[in-house]
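**Student:** Take this structure first; my questions come after.
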Amino acid sequence: MEGAGFLASCRYLLHDRDSKFCASFRHLIEAEKVKALALPSHSPNLSAFAERWVRSVKEECLSKLILFGERSLKRALHHYEVHYHQERNHQGKDNLLLFPGLSRPTPRRGKVRRRERLDGLLKFYEGEAA
């Protein structure tokens, strides 16, 4: 596999129990000193958090952009990640920010400012409402 490409720096490969991950596939992966680990069967919620994040980034960001190559994709994902963790409230967390200490300082009491990312695609508000 000529240096294993994307597996060159990996020690483990997690995969589900799909039939495409057959014994010959696992032997090919393990020949490159990467241990193939099958996830437990009948575990539908095993990747629920990752799948929810992928759904959020696709619906709120990527489906509204026209991307011109890998660089623009990485830029959009970086901005969305910062927005998701520091600026966007989360209903499952009582509408709180995940990491509020990392965001910019809030303006004076009573002032609310609208801020934007990705040329207005992602909007958020800073400050305390009166």
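**Student:** With respect to LEU67, determine if the residue is more than 25 Å from PHE124 (Cβ to Cβ) and among the aliphatic types (A, V, I, L, M). Give the steps one after another, and end with the answer.
**Tutor:** Values: more than 25 Å from PHE124 (Cβ to Cβ): no; among the aliphatic types (A, V, I, L, M): yes.
It is false that LEU67 is more than 25 Å from PHE124 (Cβ to Cβ) and among the aliphatic types (A, V, I, L, M).
**Student:** Something else: I'd like the full set of residues that are loosely packed, with under 11 Cβ neighbours inside 10 Å, assigned to a loop (DSSP other than H, G, I, E, B) and modelled with pLDDT of 75 or more, limited to region 1-32.
**Tutor:** Residues satisfying the conditions are SER9, ARG11, ASP18, SER19, LYS20, CYS22, ALA31.
**Student:** Of these, SER56, SER47, which one is under 25 Å from LYS93 (Cα atoms), hydroxyl-bearing (Ser, Thr, Tyr) and touching a helix residue (DSSP H, G or I) at 6+ places or on another chain (Cβ under 8 Å)? Can you show your working first?
**Tutor:** Details: SER47 fails: touching a helix residue (DSSP H, G or I) at 6+ places or on another chain (Cβ under 8 Å).
After applying the criteria, what remains is SER56.
**Student:** Inspect region 89-104 for any residue being surrounded by 15 or more Cβ atoms within 10 Å (Cβ to Cβ) and modelled with pLDDT of 80 or more and give the result as yes or no. Steps first, answer last, please.
**Tutor:** Step one: filter region 89-104 for residues surrounded by 15 or more Cβ atoms within 10 Å (Cβ to Cβ), giving 97, 103.
From what's left, modelled with pLDDT of 80 or more: none.
No, every residue in region 89-104 fails to be surrounded by 15 or more Cβ atoms within 10 Å (Cβ to Cβ) and modelled with pLDDT of 80 or more.
**Student:** Which residues, counting only those in region 37-74, are in a loop (DSSP other than H, G, I, E, B) and aliphatic (A, V, I, L, M)? Working first, answer last.
**Tutor:** To start, the set of residues in region 37-74 that are in a loop (DSSP other than H, G, I, E, B) comprises 39-47, 61, 65-69.
The answer is LEU39, LEU46, LEU65, ILE66, LEU67.
**Student:** Now, a different point. Might you let me know whether region 36-43 holds any residue that is surrounded by 13 or more Cβ atoms within 10 Å (Cβ to Cβ), at pLDDT 75 or above and not acidic (Asp, Glu)? Before the answer, list the steps.
**Tutor:** Initially, region 36-43 is screened for residues surrounded by 13 or more Cβ atoms within 10 Å (Cβ to Cβ), giving 36, 38.
When the remaining residues are screened for being at pLDDT 75 or above, the result is 36, 38.
Now restrict to residues that are not acidic (Asp, Glu): 36, 38.
The answer is yes, given that some residue of region 36-43 is surrounded by 13 or more Cβ atoms within 10 Å (Cβ to Cβ), at pLDDT 75 or above and not acidic (Asp, Glu).
The values are calculated or read from the model by the stated rules, or taken from the named source; none is laboratory data. Remember, it's a predicted structure, so these values are computed and weren't measured experimentally. A quick note on method: Cβ atoms are made from the backbone with ideal geometry, for glycine too, and the neighbour counts reach across all protein chains shown.
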